[in-house]
């Protein structure tokens, strides 16, 4: 029972941190997070996570633990069907985030990610443990283009910034029906593809 209670407390802190950081930014008071999570011990964050950075990382990892298997399943289905268009690959990447927003009322994850994407110590690019996410990001790049290796990281971070901003905008919206929500998701896909395909290329000689 004690272990279960500790697990519930950790989850409550993750949920509270995600919401408050989405609303106020990563400098939000940790005491405020503890209170919002319904925890009595003022040292709960230090006990469960250690530092602010580790708390933020825990929120990222908690959601990614759900998204990554879903993306992998979608990627496997695309490859089994013989490949996939750029849009299908993007749908595989963003589909789990769309589903999370629909299922959570309200959702705060995209706004959280928008706020912490540049937080020191939080790594979002070239994560080898995020196989499906990394593969999808690399394959969404325009086929046949060859980029300066030194620009791959900055370019990927730029695309991620666009994705988080658009998903956060989508998350802020209130939709009257599912059809309106679907149209907004389609527009989000269109805008991300526009950003991806308009990114500067640096072709290598030979």
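Any read-out appearing in this document is the output of simple, stated calculations on the displayed coordinates, not a laboratory observation. All values derive from a computational prediction rather than experimental measurement. Don't worry about glycine lacking a Cβ; one is built from the backbone with ideal geometry, like all the others, and counts go over all protein chains shown.
The packing ranking, built from the mean of other Cβ atoms within 10 Å per residue, places the peptides 86-94, 121-129 in the order 86-94, 121-129, highest first. Full extension of the chain segment joining residue 87 with residue 99 gains 2.6 nm, where the gain is 0.36 nm per residue of separation less the Cα-Cα distance. Estimated from the Cβ-Cβ distance and a Förster radius of 41 angstrom, the FRET efficiency linking residue 190 and residue 8 is about 0.50. Labels on offer are (1) 22.7, 89; (2) 18.5, 65; (3) 18.4, 58, and the one holding Rg and Dmax of the Cα atoms in Å computed from this structure is (2). Estimated from helices alone, the mean residue ellipticity of the chain at 222 nm is -23500 deg cm²/dmol (sum of -39500 (n - 2.57) over DSSP H runs with n ≥ 4, per residue). Annotation: extensible slack from residue 183 through residue 61 equals 41.0 nm (criterion: 0.36 nm per residue apart, minus Cα-Cα distance). When each of the peptides 104-113, 43-52 is scored by how many other beta carbons lie within 10 Å of its residues on average, the order from highest to lowest is 104-113, 43-52. For the pair residue 73 and residue 31, label points projected 7 Å from Cα toward Cβ lie 4.4 nm apart.
Helix 131-140 and the long axis of the chain differ in direction by around 40°, with both axes built from C-alpha atoms.
Stretching the chain fully between residue 198 and residue 161 yields a gain of 11.9 nm (0.36 nm per residue, less the alpha carbon separation).
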